[in-house]
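Chemist: Below are the structure tokens for one structure; questions will follow.
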């Protein structure tokens, strides 16, 4: 007998029929003797409907009142899910974030969970109930309802699993796991049966948008066994996210290929090579709240250097004008260029720590296809390159094949 | 400066535009220096939508889960109303029944209010906020959300007014007050500027469905000054419901004419006139949970008596078959008749306590029009008669005129 937390997103509970499906799955786990806590989001579309209604009244809705209102979306789903379970003869009871006292700070619309009072849930579980908890919401010290921000239901699931020391936290979504890369680009992409937490973080932040990063970090912090599964398939074990490197000899070197075409590249050419230049360039960018991803600086031969970094495509023009207005003259840079026709491709795998030659294999594979590499950046478990956007699909496909990701692990 | 509780029903907050209207009215009261607590219902249609959704999942929804879900209707309205106030520059803060701790028993879907913790509201009022509270809902000792049943928002308004010792509880509805009779039948019907609590009870239960009886009883118990007003008109003082007979000499003798065409009459003829007969007839009816309204028994000359009573039209056939199966043979009644083509008309007024001749004037007026009276029943402040249904409108009109209800009070 295990204690399992199952989280279902808005699409999984998007209609009465789908809620009945969720109830049937929960009932199957219950019938196997497990204790089950279910976390649900609002029915798909409901949160946006409520926000729209609020904006009709107040163009910039007051955050406290917005949370008061938007939290009703999950409150409806928990009641419906409990009823669907009861209708199957399964004892069930629903709780809002406030009722199980998911205590948060008072940062309305983006609150952080501080603690969870799990006693009430545990008593219900021991009495044979399935406990259905509203995702995405909590309550502050003063009794105000708060929400955790978009994707916060994942965080609720993980936080509950941590508080209850659950055996597993299952995140049901519309994909059946984490893949070696996007199957829409590489049909041979394989579902990974396990992936490490760090790899997941790299893959999630690079475009494999399966889980909210924050919930994965949370799971890592509290060592919660996290599994991603499809709510639309009866079978399948999904992908388990682990927090220790497996000592399994068959651990693949590379787990997956991530990509991102949302970035733009900015190059500051002919910068005098002296201390403090990086700060002088990026300081004004950071002050404007623009997130910078890759940063590369190369020392040149003539006492000047070229400085390159990437930002989100939407911020390219803003960044360029900041640099031209506030930075170029000040530091004496020769030229500033922007390019939004780029793509970033990353090879990710904890296995590469103990294997040499991954980088060179990556570069050779791209060279054989005539793909020029514009930027390179590496971390312990990832090598990222920036290439011309038009080569993105090709690069992902040839790398996927070169690292034999289409082959089942031995 | 007064403390005013204003309650707005579902129609009054049925759209963003109407919510803005409510906010404008509240802002006007606030601008006059009053402290205002606003109680709102769910937007019209929302409660039924939620109940429909629940029934799709569970034909007989679990009461606890239904309350958990249905209570979201008001939760949305309080947030929208607060936002509409803020948008006008008025400080506002919303609370669910649970947040201001409207403590109830745990009779889900029909809970009774036990107490209200008014401290938080009072602190907000003193800090200059308009406080917006969800009607219709509360929380039980264990933290479960409860609802008060249909019309419960009126009760919330009155209960808050009682707890806060408010100067007045204003109930905004789609009529602008209590009338001497239904203006659709008598165009000359006048709005009453005041009416006593007892008259209101008689008029409300007789078909002038302006307020929930329970909330009026509640107001009477706690001596809350209750005023009925229209939310669709800018001007007008509505009708004030008082709890003491005014010593105003101009107090009219009769306040209004009530009528009801929902009842049916049942006559048990030729019953042996002996003790216990009334119980033998009505006991089995009460056991079947059928409400009986008027009851009349007349001793006959031949040692038998005729026994007549009224029930709701919908219960006529059920009542007849109970009487024929279980009662008629047992008590030896000669005949049992049912008639659903009747109407009850009542003349209501606390003034009649100190005036003789009201009954005879009523009977004479009806006789002059050739309207036969089938039953008569009296209380201290009401005389009711049952007549053939087809004379109902005529009877209401002539009585309205005979008691000079179309004349403004001197």
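Bear in mind that the values in this text are calculations on the coordinates, not laboratory data. Just so it is clear, the model here is predicted, and its values are computed rather than measured. Here the Cβ is made from the backbone with ideal geometry for all residues, glycine too, and neighbour counts use every protein chain on show.
Chemist: If the label for residue A:91 sits 7 angstrom from Cα along the Cα-to-Cβ line, what are its distances to the same label in every other copy, in nm to one decimal, shortest first?
Modeler: 4.8
Chemist: Test of understanding: extend the Cα→C-beta vector of residue B:291 to 7 Å, then name every residue of the range B:172-203 with backbone N under 15 Å from that spot.
Modeler: B:201-203
Chemist: Would you order A:148, A:3 from fewest to most other beta-carbon atoms within 10 Å of each residue's own beta-carbon?
Modeler: A:3, A:148
Chemist: Can you name the residue in chain B whose Cβ lies closest to the B-to-A rotation axis, and give that gap in whole Å?
Modeler: Taking the axis that maps B onto A, the answer comes out as B:72, 2.
Chemist: Which residue fluctuates the most in chain A, going by a Gaussian network model with Cα springs under 10 Å, if the choices are A:140, A:287, A:167?
Modeler: Of A:140, A:287, A:167, the Gaussian network model singles out A:287 as fluctuating most.
Chemist: May I ask you to report, in nm to one decimal and beginning with the shortest, the distances from residue A:126 to the same position in the other copies, taking label points 7 Å along Cα-to-Cβ?
Modeler: In ascending order, 4.3 nm.
Chemist: Hey, another quick one. Would you mind checking the tilt of helix B:46-57 against the longest principal axis of the Cα atoms of chain B, expressed as 0 to 90 degrees and rounded to 10?
Modeler: 80 degrees
Chemist: Over the range A:332-377, what portion of Cα pair distances is larger than 13 Å, expressed as a whole percent?
Modeler: Beyond 13 Å sits 69 percent of the P(r) for the range A:332-377.
Chemist: Ok, one more. If you bin every alpha carbon distance in the protein assembly as shown into 20 Å steps from zero, what whole percent lands in each bin?
Modeler: With 20 Å bins starting at 0, P(r) equals 13, 32, 29, 15, 8, 2, 0.
Chemist: Looking at the range B:3-173, send over the antiparallel percent of its DSSP beta bridges, to the nearest 5. Intermediate values should be presented prior to the final figure.
Modeler: Numbers: 6 of 26 bridges.
For the range B:3-173, the DSSP antiparallel bridge percentage is about 25.
Chemist: Which one, A:39, A:387, A:356, has the greatest fluctuation when you compute a Gaussian network model over chain A with C-alpha springs under 10 angstrom?
Modeler: Taking springs between Cα atoms under 10 Å, the residue moving most is A:356.
Chemist: Along the Cα→Cβ direction, 7 angstrom out, place labels at residue A:269 and residue B:119. What is the inter-label distance in nm?
Modeler: 7.1 nm
Chemist: Roughly how many nanometres apart are two label points built 7 Å out from the Cα toward the Cβ at residue A:313 and residue A:376?
Modeler: Distance between the two pseudo-spin positions: 2.7 nm.
Chemist: Let me ask something additional. Quick check on the exposure proxy: order A:179, B:222 from fewest to most C-beta atoms within 10 angstrom.
Modeler: Ascending number of Cβ neighbours within 10 Å: B:222, A:179.
Chemist: In whole percent, what relative contact order does chain B give with Cα contacts below 8 Å and a gap of six or more residues?
Modeler: 13 percent
Chemist: Where the centroid of each part is defined by its Cα atoms, how far is the range A:337-407 from the range B:282-338 in Å?
Modeler: 91 Å
Chemist: On full extension of the chain, what length is gained from residue B:88 through residue B:234, given 0.36 nm per residue of separation minus the C-alpha to C-alpha distance?
Modeler: So the chain would gain 50.8 nm between residue B:88 and residue B:234.
Chemist: Relative to the longest principal axis of the C-alpha atoms of chain A, give the angle of the C-alpha long axis of helix A:152-164, reported between 0 and 90° and rounded to the nearest 10°.
Modeler: The two axes meet at around 60 degrees.
Chemist: Once both axes come from the Cα atoms, what is the angle between helix B:392-402 and the longest principal axis of chain B, in degrees from 0 to 90, rounded to 10?
Modeler: Between the helix axis and the principal axis of chain B, the angle is about 80 degrees.
Chemist: Where both partners of a DSSP beta bridge lie in the protein assembly as shown, what percent of those bridges are antiparallel, to the nearest 5?
Modeler: Working: 94 of 150 bridges.
Within the protein assembly as shown, antiparallel bridges account for around 65 percent of the total.
Chemist: Would you look at the GNM of chain A, springs on alpha carbons closer than 10 Å, and say which of A:367, A:166, A:92 moves the most?
Modeler: Of A:367, A:166, A:92, the Gaussian network model singles out A:367 as fluctuating most.
Chemist: Could I ask something else about it? At R0 = 22 Å, how high is the FRET efficiency between residue A:32 and residue B:60 if r is their beta carbon distance? Nearest 0.05 is fine. Please report the intermediate quantities before stating the final value.
Modeler: Numbers: r = 28 Å, r/R0 = 1.29.
Approximately 0.20, to the nearest 0.05.
Chemist: Can I ask one more? Taking the range A:362-410 as the region of interest, what is the percent of Cα-Cα pairs per 5 angstrom bin, listed from the shortest bin to the one with the maximum distance?
Modeler: 5, 18, 30, 25, 15, 6, 2
Chemist: Ok, one more. Show log10 I(q)/I(0) for the range B:115-215 at q = 0.13, 0.18 Å⁻¹, two decimals, from a solvent-free Debye sum over equal Cα scatterers.
Modeler: -0.60, -0.97
Chemist: On alpha-carbon atoms, Rg over Rh for chain B using Kirkwood Rh? Write out the running numbers ahead of the final one.
Modeler: Numbers: Rg = 24.1 Å, Rh = 23.4 Å.
Expressed as Rg/Rh, it is 1.03.
Chemist: Further question on the same structure: Take the alpha carbon atoms of the range A:130-192, find their center, do the same for the range B:117-195, and report the distance between the two centers in whole angstrom.
Modeler: So the two Cα centres are separated by 42 Å.
Chemist: Ok, one more. Antiparallel DSSP bridges in chain A: what percent, to the nearest 5?
Modeler: Here the share of antiparallel DSSP bridges comes out near 65 percent.
Chemist: Also: What nm distances, shortest first, do you get from the label point of residue B:141 to those in the other copies when the point sits 7 angstrom along Cα to Cβ?
Modeler: Nearest first, the other copies' label points are 3.0 nm away.
Chemist: Using r as the Cβ-Cβ distance of residue B:106 and residue B:165, and R0 as 25 Å, what FRET efficiency do you calculate, to the nearest 0.05?
Modeler: 0.35
Chemist: How large, in Å, is the range A:3-173 by the Kirkwood hydrodynamic radius built from its alpha-carbon pairs?
Modeler: Evaluated over the range A:3-173, this radius sits at 15.7 Å.
Chemist: At a 10 Å Cβ-Cβ cut-off, how would you order B:325, B:67, A:340, fewest neighbours first?
Modeler: By the 10 Å Cβ count, ascending: B:325, A:340, B:67.
Chemist: Moving on to the next point. Which semi-axis lengths, in whole Å and largest first, follow from the square roots of five times the eigenvalues of the Cα gyration tensor of the range B:90-145?
Modeler: For the range B:90-145, the semi-axes come out at 24, 10, 7 Å.
Chemist: Could I ask something else about it? Hey, could you pull the Cα Rg and Dmax for the range A:214-347, both in Å?
Modeler: Rg, Dmax (Cα atoms, Å): 20.8, 64.
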